[in-house]
Number of protein chains: 2
Amino acid sequence: MGTAQLAAVPEPKYWHLRTVLLRAITSEFATGEVIPNERELAARFGVARATLRQALDQLELEGRLVRRRGIGTLVAAPRVGVPVSRRDEGWPGGNREQVWQTVGCTVAPAGERLAGALGVPAGETVHSVRRIRVAQGQIVATEALHVADSALPALPEIRLSGAGEEAAEGAADGEEQGRAVLRRLERLTVDGESRAVELGVAEADEAALLQRPPGTPVLVVTTQYAAAGRLAALAVSTYRADTCRLTFGETGLVEVTPVPAAVRSAS
Amino acid sequence: MGTAQLAAVPEPKYWHLRTVLLRAITSEFATGEVIPNERELAARFGVARATLRQALDQLELEGRLVRRRGIGTLVAAPRVGVPVSRRDEGWPGGNREQVWQTVGCTVAPAGERLAGALGVPAGETVHSVRRIRVAQGQIVATEALHVADSALPALPEIRLSGAGEEAAEGAADGEEQGRAVLRRLERLTVDGESRAVELGVAEADEAALLQRPPGTPVLVVTTQYAAAGRLAALAVSTYRADTCRLTFGETGLVEVTPVPAAVRSAS
DNA sequence: TAGTGGTCTAGACCACGAA
DNA sequence: TCGTGGTCTAGACCACTAT
């Protein structure tokens with residue numbers, strides 16, 4: 001019925017919008033700049049706000065936009081390159097620099113899945129150290145490092161479980177406990193590590209640590225550390241997918257420029 | 001006005017729905033099974049269809065559900081572990097097994113970004129080999145492998161650019177051309193490789209190769225191959241984020257069970 | 001208080017796949 | 001032809017931030 005459009009548009013509106021907006025924000029806006037609000041953009045393009053938001057959702061997933069409630073929508077900074085490897089992560093060998101900060105530790109009998117993953121019988125005591133990773137002033141990742149108690153070497157002299165005499169400082173109890181686990185862990189020589197990366201979403205607790213709403217897309221890095229011929233520890237790290245670009249350093253590679261992350265569209 | 005609810009619900013409806021649905025599909029449905037359609041689920045939970053869809057969107061992003069237009073929504077199979085490394089990928093050293101299949105090749109002067117990433121002056125001739133990766137009968141990734149012509153060693157005797165005498169077979173021309181580039185590439189000894197992983201979305205062409213709609217979330221793996229003291233090649237691989245779990249094999253690690261991918265929630 | 005993004009609604013029509 | 005998910009609309013109200 002009338003309104004003969006320019007042939008068929010095989011492309012959904014929101015996808016076309018995304019392309020137009022992407023071109024606009026890369027050419028006409030600077031990093032950190034606020035783009036027009038959703039209601040105005042929707043009106044300007046003659047679409048419903050929901051459709052406009054669908055386009056913005058895509059760009060946010062791609063890490064090109066950041067939306068802040070009460071503030072507006074900003075052009076995102078390029079993703080931060082985050083080194084992921086034993087050497088860079090800082091275990092073992094000590095938390096070189098301050099890449100990982102221990103924020104807590106729980107000790108509990110292993111559930112079935114966790115026990116299976118650690119290669120210990122279900123119910124065995126497992127230490128779970130909570131850490132956060134800071135890069136360029138931002139929290140970019142949170143991690144749960146699981147170690148079976150039986151895999152943990154004892155410390156030479158110091159008391160292992162001195163239940164707070166000096167807790168008057170107000171320091172979170174789990175923190176020191178976590179650091180103690182890490183100190184014991186450092187006495188192991190790591191034979192190798194195996195790693196996996198996949199896409200996930202942040203649950204409530206992780207989301208809170210990452211200062212993001214629940215459902216935020218994250219890159220889940222699962223690392224298995226082997227020592228003394230057995231699996232010594234299992235680390236599950238969740239990196240903010242919007243701001244992080246995980247880099248894996250390797251064998252003596254002549255120094256190469258980090259890829260600008262935009263080469264994809266340069267076929 | 002009336003309808004005094006049970007205190008405040010700090011959680012959005014769609015997020016609560018996601019949790020409920022996740023529990024339901026993991027306990028009451030088998031892999032590949034079709035769950036009730038969106039209109040019925042929305043009615044059952046007393047929400048608008050858009051809200052219900054928001055919950056399904058989350059679960060699809062997590063790889064727990066697969067939606068097929070005209071069919072329904074299915075419970076997804078666990079993610080496939082896909083080895084990502086020089087040894088497993090099959091270059092160099094020959095396309096071991098059939099992990100990567102060459103589907104095309106273009107030769108063109110490098111754009112600015114691509115030239116910069118390859119470390120050659122803009123405008124230099126660059127070969128871009130298109131490949132797809134198949135795992136368990138499914139296309140899981142597509143790749144563009146860029147090599148500067150100047151970095152490519154010549155083959156010993158065979159003609160380099162024989163323009164089709166036997167093209168009568170109907171084979172796509174770019175295919176053989178791509179394989180030729182790979183053969184030449186194999187003559188290089190790789191000194192090292194550097195890798196990065198980040199989240200992206202599939203553009204139109206990639207989406208088509210992956211048999212998915214545009215905007216599909218993908219894991220973008222950027223690999224720099226160094227040979228003879230310089231950057232030899234740049235590979236940009238995009239893996240389906242919904243079905244793939246990238247694994248990085250490493251130094252002689254005692255065989256460990258692959259982590260069941262559900263340990264995250266087992267704190 | 002005003003303005004922003006976040007959530008939610010109730011409907012409509014379309015594109016695709018199967019029968 | 002019918003049922004499915006995919007897209008889109010026009011509106012409403014809420015939560016948060018700045019002033």
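Here A:PHE45 sits with roughly 80 square angstrom of accessible surface, probe radius 1.4 Å. Of the residues B:ILE35, B:THR19, B:GLY46, the one whose Cα sits farthest toward the positive end of the charge dipole of the range B:13-75, with +1 on the Cβ of Lys and Arg and -1 on the Cβ of Asp and Glu, is B:GLY46. The figure for A:GLU62 is an accessible area of roughly 30 square angstrom, using a 1.4 Å probe on the protein chains alone. Considering the rotation that superimposes chain A on chain B, the residue of A whose beta-carbon lies nearest the axis, and that distance in Å, is A:VAL197, 3.
Chains A and B together bury roughly 5500 Å² of accessible surface, counting both sides and using a 1.4 Å probe on protein heavy atoms. Computed from the C-beta positions of A:ARG230 and A:GLU186, the FRET efficiency with R₀ = 22 Å rounds to 0.80. Expressed as a whole percent, the accessible area of the range B:13-75 that falls on carbon and sulfur atoms is 50 (1.4 Å probe). Modelled this way, with points 7 Å down the Cα-to-C-beta line, the labels at A:ASP149 and B:ASP57 are 4.6 nm from one another. Ligands, DNA and RNA excluded, the heavy atoms of A:LYS13 present near 140 Å² of accessible surface to a 1.4 Å solvent probe.
Computed from point charges on the beta carbon alone (+1 for Lys and Arg, -1 for Asp and Glu), the dipole magnitude for the range B:13-75 about its Cα centre is near 200 Debye. The other copies place their B:GLU40 label points at 4.7 nm from this one, listed shortest first, where each point is 7 Å from Cα along Cα→Cβ.
The values are calculated or read from the model by the stated rules, or taken from the named source; none is laboratory data. Values in this document were obtained by computation on a predicted structure and should not be read as measured data. Because the Cβ atoms are built from the backbone with ideal geometry, glycine has one as well, and the counts that use them run over all protein chains shown. Accessible surface areas use protein heavy atoms only, side chains included; no ligands, DNA or RNA. Shrake-Rupley method; radii C 1.70, N 1.55, O 1.52, S 1.80 Å.
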